[in-house]
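Down below is the structure, laid out as C-alpha cells.
The values are calculated or read from the model by the stated rules, or taken from the named source; none is laboratory data. All values reported here derive from a predicted model rather than from experimental measurement. Positions of Cβ are generated from backbone atoms using ideal geometry, with glycine treated the same way; all protein chains shown enter the neighbour counts. When the accessible area is computed, the model is the full protein with side chains, heavy atoms only, and any ligands, DNA or RNA have been set aside. Shrake-Rupley method; radii C 1.70, N 1.55, O 1.52, S 1.80 Å.
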Amino acid sequence: MKLPITITVNDEVWPLDVEPNEVLLDVLRTMVGAKSVKIGCERGDCGTCTILLDGHTVRSCLMLAVEADGHGITTVEGIPENGVLSSLQDLFIRQNSFQCGFCAPGIVLGAHELLRDNPSPTRHDVQHALAGNLCRCTGYEPIIEAVLEAAEGGPQ
Ligand code: FES
Ligand code: FES
C-alpha cells in the first residue's frame, strides 16, 4: 500500500505516493527526475547520492522516502542562485577539479555545507568534511584546493 508524502525539492513541492520501503535516492531519481543524485554503492560509503535535507548533508541511499515527508531537499541544481553558479562551483570549473564528474554533485553539496557553516576552513577541515565522498579520478587535491580558494574568496 502506497503512502502519501510531500517533499520540497529545490523549492518545488512534490506530493508523491510511495511504497513504505522505497529509498529516497530512488524516489528522487525516478519520480522527481533528479538525476544529479547519483547511484553508487547504495550502502552509505561513497557519498555520490548526497543531498541536503533541511540544509544538512544526508546519504539519500540510506533514507526511506517516507522519512523525508515534510522536509526540504536541495540537490546540486538548487545551489546556483537565479541561474548563477556559486563562486565555489565557478572555482571547481576553473580549476578543472573534476574529471568524470560522477562524484561532483555530492562534493559540491558537502563543500557548500562546509563553507556555509565554517567560512574559513583549514585544509584538515576540508578533508574531514569531504572524507565520505569518494572520487576515483582526481586524487582529491584539485577539489581541496578549489574549496580552500573559495573560502578565501568570501561568502558562497
Ligand atoms: Fe549512497 Fe554510495 S550511493 S553513499
Ligand atoms: Fe570522477 Fe570524481 S571526478 S569520480
Worksheet item: Given Cα pairs under 8 Å that are at least 6 residues apart, what percent is the relative contact order of the stretch 1-118?
Response: 28
Worksheet entry | Of Cys46, Val126, Thr6, farthest towards positive along the dipole that unit charges on Lys, Arg, Asp, Glu beta carbons give the chain | Cys46
Worksheet entry | Carbon + sulfur, % of accessible area of the chain - ligands and nucleic acids excluded, 1.4 Å | 51
Discussion item. Let me make sure I get this right: for the chain, a, b and c are the square roots of the gyration tensor eigenvalues over alpha carbons, sorted descending. Under 1.5 in a/c it's rounded, otherwise prolate if a/b > b/c, else oblate. Which is it?
Written reply: prolate
Discussion item. Rounded, prolate or oblate, given the Cα gyration tensor of the stretch 1-86, with a/c below 1.5 counting as rounded?
Written reply: oblate
Practice prompt. Could you tell me which trypsin sites (Lys or Arg not before Pro) in the stretch 29-76 are loop residues by DSSP with no more than 11 other beta carbons within 10 angstrom of their beta carbon?
Written response: Arg43
Item to complete: Can you work out the accessible area per residue across the stretch 39-150, with the rest of the protein chains kept in place, probe 1.4 Å, in square angstrom?
Response: 49
Worksheet entry | Dipole axis of the chain (+1 Lys, Arg; -1 Asp, Glu on Cβ), positive-most option in His56, Phe92, Ala111 | Phe92
Worksheet item: What 222 nm value per residue comes from the helices of the chain, counting each DSSP H run with n ≥ 4 as -39,500 (n - 2.57) and dividing by all residues, nearest 500 deg cm²/dmol?
Response: -8000 deg cm²/dmol
Worksheet, complete the sentence: Shape call for the stretch 22-65, from the Cα gyration tensor axes a ≥ b ≥ c (a/c under 1.5 means rounded, otherwise prolate when a/b beats b/c, else oblate), comes out rounded
Worksheet, complete the sentence: Rounded to the nearest 10, the angle in degrees between the Cα long axis of helix 141-152 and the longest principal axis of the Cα atoms of the chain comes to 80
